[in-house]
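Let me begin by presenting the structure, written as structure tokens, before commenting on it.
The values are calculated or read from the model by the stated rules, or taken from the named source; none is laboratory data. Quick caveat: nothing in here was measured; it's all calculated off a predicted structure. Please note: Cβ atoms are built from the backbone with ideal geometry, for glycine as well, and neighbour counts cover all protein chains shown.
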Amino acid sequence: MLRTLLFFTAARALVACGPKWHEEALTDGIQAVVIENGPTLGYSLSSGVQLLEVDGLPFKDLDKDGELDAYEDWRLSVDERAKDLASQLSEEEIAGLMLYSRHQQIPAPAQGYVSGTYGGQGVEEANVAPSTLTDQQTAFITQDHLRHVLITSVESPEVAVAWNNNLQGLAESLGHGIPANNSSDPRHGANKDAEYNSGSGGTISQWPEQIGLAATFDTTITYEFGRIASQEYRALGITTALSPQIDLATEPRWNRFYGTFGGHPVLATEMARAYVDGFQSSGTDGDWGAESVNAMVKHWPSGGPEEGGRDGHFAYGKFAVYPGGHFNTHLRPFIDGAFKLNGKTSKASAVMPYYTISYNQDTVYEENVANGYSKFIVTDLLRNTFGYDGVACTDWLVVGDEGPHPGVFAGKPWGAEELDNTLRHLKALMAGMDQFGGNNDAGPVLEAFAMMRQDMGGEWARERLEQSAVRLLRNIFQVGLFENPYLDPAVSETIVGKPEFMDAGYAAQLKSITMLKNSDSILPIKERKTVYVPQIHVPAGVNFFGAPTQAYDHYPVELDILCKDFNITDNPEKSDFAIAFVNSPNSPGYDYAERLGGGNGYLPISLQHADYVAENARAQSIAAGDPVVDPTITNRSYKGKTALSNQRYDLPMMQDLREKMGDKPIILVMTVRNPVVFAQMEPLVDGILLNFGVQTAAIMDIITGRHEPSGLLPMQLPASMEEVELQLEDVPMDMMPYIDADDHAYDFAFGMNWSGVICDKRTQRYFGMEQDW
């Protein structure tokens with residue numbers, strides 16, 4: 001017997017024969033239905049959703065038709081429910097599922113890329129609660145049927161909870177009641193100035209960067225990170241992680257190296273598996289559960305081997321190259337890691353191809369197009385060869401138009417530059433993609449659908465659309481959003497930044513710190529001595545997005561934290577020792593001014609602090625070409641040109657420091673984002689600690705001996721820039737490492753503790769595995 005149940009009290013218990021369940025208030029305007037031995041249902045009193053009772057059990061009538069549809073029946077499998085709902089959706093609703101929003105900041109600022117309005121006004125002028133939906137968010141939910149939202153910063157956990165409940169209430173009130181699947185890029189770093197960390201949603205646990213997790217050489221730590229981060233994500237309303245980044249980082253100059261697990265195929269593969277298992281497998285025996293988060297691994301088939309290290313966010317870095325023939329090696333973290341999980345979730349629920357063109361790797365259609373446009377990469381390889389049937393989502397803005405020159409941060413339609421926006425959508429769909437990152441507008445998707453029907457026939461087109469719809473809906477069902485997308489603010493408050501979560505993140509930071517040098521056992525320094533800390537000069541330059549930055553001088557560390565252990569002086573002559581805090585070198589790799597001056601615009605990327613002339617670079621680049629903004633450039637070589645590191649002022653600072661300190665010890669603490677050539681720096685110092693994105697307090701715990709260093713190098717540190725130029729972008733571990741004054745080779749898996757060079761089961765497990773690839 002089917003009947004509609006309406007409840008008007010805050011809590012009501014049904015104690016009839018059969019299963020027991022009761023209803024109670026979750027938070028203002030949100031009801032929870034607690035079912036014995038079943039899921040908890042949540043619905044908004046303002047959404048129009050009512051409850052259906054079938055076989056003595058409650059179900060949400062999401063489409064408000066008075067009938068229990070298969071997709072509303074939480075007793076059925078995820079696949080049954082997804083297929084039922086996909087068959088009912090209109091083309092407009094499927095197009096909405098295929099959209100993944102541009103970055104959303106909560107509340108939205110009045111200006112900039114993530115700006116938004118509230119009744120046509122800025123948030124302060126409108127005088128609304130920070131959890132209010134923007135005009136733009138309301139429009140893409142109601143008009144474009146968008147259900148996948150990328151969140152950047154949020155003001156607080158309380159605001160995140162209220163905003164989530166507002167968004168889910170609106171989504172629930174529409175059509176088939178499909179909930180929103182909110183997502184985030186990594187937001188658990190220790191750098192609180194970063195975009196996501198600075199608005200991460202309260203004091204959430206802080207962990208090293210992904211390359212720092214690799215430096216622990218301990219997959220249990222990475223699994224624990226995923227397990228904890230997924231709970232904090234869910235408490236903030238986030239159900240999909242746009243991570244991990246499992247590109248095999250075989251090109252040391254790539255500026256996204258730090259976001260990977262490094263270039264060792266086995267370590268990266270095992271870390272990828274642990275990370276995804278931690279995020280997804282929160283349920284019984286490693287199955288999906290209430291704390292599970294979908295993992296979208298990136299970037300298929302790896303963005304690591306970028307020619308010359310230039311990144312695919314820009315036209316100057318659109319090509320990934322394989323001079324060593326190791327294309328298949330780069331697939332291993334995906335096919336042997338993220339797609340072969342230990343838990344019952346089986347595989348990462350989504351995958352994101354990178355912007356790059358995997359140059360000359362398409363052996364079937366012989367196309368050189370970006371991975372998201374490539375039928376060979378997506379359908380032939382990902383789907384057919386490796387049997388992956390999860391969601392494939394483009395990276396953000398691949399269907400947008402590129403900028404007026406290769407150095408502009410804009411759309412990234414590599415290989416499809418001459419197609420219009422609609423044809424780019426169509427090409428990606430025909431390649432096998434399910435979703436478009438950074439697109440709030442359903443219009444071009446619907447236009448692509450119409451072309452697909454015209455070219456392939458209506459039946460074929462409908463089947464293709466439902467195929468993607470099932471994949472997309474599956475990920476929403478499996479994390480329980482159709483049952484309850486709402487949050488209890490009191491519960492979220494107890495989860496975000498839980499003390500044991502904070503402790504686990506800090507312990508991981510400590511275990512990631514890697515000691516390379518400790519001449520005469522200068523470390524640890526347990527006595528309260530006087531320390532000198534030099535300022536560093538940061539020259540003017542451009543940031544990741546190509547925007548100019550101003551020069552400045554500063555202390556790159558919180559001196560008040562050092563004061564807890566040492567006296568600080570601004571006079572090196574009065575010090576007992578010095579600690580120099582510097583960053584690993586980086587440089588842009590492209591200069592439009594040089595192009596305007598008659599060159600090709602391409603510059604070397606340096607991994608050393610001193611100026612570097614690229615005498616050993618290729619005379620002819622492997623790949624080149626931009627048919628729209630710079631068609632005349634057929635050679636991207638930078639041979640003979642000079643690279644000026646953004647950290648070039650640190651070397652004379654260190655040389656001056658060595659002169660001022662005389663025989664007194666200098667400890668170098670370097671924040672590392674890429675492999676470093678230490679030939680100029682290492683002879684100047686007595687101790688070297690590498691950190692991969694940790695708090696200053698963690699560094700001090702190592703320096704003072706409160707914790708013994710145990711990190712290992714998750715990368716090779718090259719002997720010279722000549723080694724960097726002669727290595728092949730796609731080949732793992734093919735550089736000669738630097739050898740220091742103590743005759744230690746800074747090779748993969750090298751690290752020191754107080755007793756000397758570390759040799760344990762980790763180094764024995766991973767070092768010398770070249771035969772495996």
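For the range 248-302, the candidate set comprises residues that are closer than 24 Å to Lys318 by Cα and among the aromatic types (Phe, Trp, Tyr); within that set, the residue that is farthest from the chain's Cα centre (by Cα) is Trp254.
Does Val724 qualify as being among the aliphatic types (A, V, I, L, M) and touching a strand residue (DSSP E or B) at 6+ places or on another chain (Cβ under 8 Å)? Yes. In the range 1-100, counting only strands (runs of 3 or more DSSP E) that sit wholly within it, the ones holding 2 or more residues that are modelled with pLDDT under 95 span 3-5, 12-14, 21-27. Taking the conditions (1) at pLDDT 95 or above; (2) surrounded by fewer than 16 Cβ atoms within 10 Å (Cβ to Cβ); (3) not basic (Lys, Arg) in turn, Asn484 satisfies each one other than (2). Listed here are the strands (runs of 3 or more DSSP E) enclosed by the range 552-601 that have at least 1 residues being of a type in the set (A, V, I, L, M): 567-569, 577-583.
Among the conditions (1) out of contact with any strand residue (DSSP E or B) (no Cβ under 7 Å at 6 or more places or on another chain); (2) among the polar types (S, T, N, Q); (3) touching a residue at least 40 places away in the same chain (Cβ under 8 Å), the only one that Thr394 does not satisfy is (1). The one condition from (1) closer than 30 Å to Gly640 by Cα; (2) buried (at least 24 other Cβ atoms within 10 Å of the Cβ) that Gly324 does not meet is (2). Given the structure, is Asn342 surrounded by fewer than 17 Cβ atoms within 10 Å (Cβ to Cβ) and in a helix (DSSP H, G or I)? So Asn342 fails the test. Name the single residue, out of those in the range 413-467 being basic (Lys, Arg) and either at pLDDT below 95 or within 20 Å of Met352 (Cα to Cα) (or both), that is surrounded by the most Cβ atoms within 10 Å (Cβ to Cβ). Ranking the qualifying residues of the range 413-467, first place goes to Arg424. The lone criterion from (1) of a type in the set (Phe, Trp, Tyr); (2) under 26 Å from Ala162 (Cα atoms); (3) not assigned by TED's automatic domain parsing to the domain that holds Asn475 left unmet by Tyr71 is number (2).
Any chance the range 382-392 includes a residue that's in contact with a Phe, Trp or Tyr (Cβ under 8 Å, 6 or more places away or on another chain), within 23 Å of Tyr258 (Cα to Cα) and part of a loop (DSSP other than H, G, I, E, B)? Give the steps one after another, and end with the answer.
Within the range 382-392, the first condition is being in contact with a Phe, Trp or Tyr (Cβ under 8 Å, 6 or more places away or on another chain), and the residues that meet it are 382, 386, 388, 392.
Those still in the list that are within 23 Å of Tyr258 (Cα to Cα) too: none.
So far as the range 382-392 goes, no, none of its residues is in contact with a Phe, Trp or Tyr (Cβ under 8 Å, 6 or more places away or on another chain), within 23 Å of Tyr258 (Cα to Cα) and part of a loop (DSSP other than H, G, I, E, B).
Residues of the range 705-722 that are in a helix (DSSP H, G or I) and over 29 Å from the mean Cα position of the chain (by Cα): Glu722 alone. Kindly indicate whether Met700 is under 30 Å from Asn543 (Cβ atoms) and in contact (Cβ under 8 Å) with a residue 60 or more places away in the chain. Yes: the conditions hold for Met700. Within the range 574-581, not a single residue is buried (at least 21 other Cβ atoms within 10 Å of the Cβ), touching a helix residue (DSSP H, G or I) at 6+ places or on another chain (Cβ under 6 Å) and outside the structural domain of Ile688 (by TED's automatic domain parsing). Looking at this structure, is Thr363 of a type outside the set (Gly, Ala, Ser), surrounded by fewer than 17 Cβ atoms within 10 Å (Cβ to Cβ) and more than 22 Å from Ile476 (Cα to Cα)? When the stated conditions are applied, Thr363 passes them. Listed conditions (1) modelled with pLDDT under 95; (2) surrounded by fewer than 18 Cβ atoms within 10 Å (Cβ to Cβ) are all met by Glu615, apart from (1).
When you scan the range 171-284 for helices (runs of 4 or more DSSP H) that lie fully inside it, which ones turn up with 3 or more residues that are at pLDDT 95 or above? Can you show your working first?
Working: elements: 195-198, 210-215, 219-235, 265-280.
Where helices (runs of 4 or more DSSP H) fall fully within the range 171-284 and carry at least 3 residues being at pLDDT 95 or above, they are 210-215, 219-235, 265-280.
Out of (1) modelled with pLDDT of 95 or more; (2) part of a loop (DSSP other than H, G, I, E, B), the odd one out for Val629 is which? Val629 satisfies every listed condition except (1).
Flag: Glu224 does not match the condition of being buried (at least 24 other Cβ atoms within 10 Å of the Cβ) and out of contact with any Ser or Thr (no Cβ under 9 Å at 6 or more places or on another chain).
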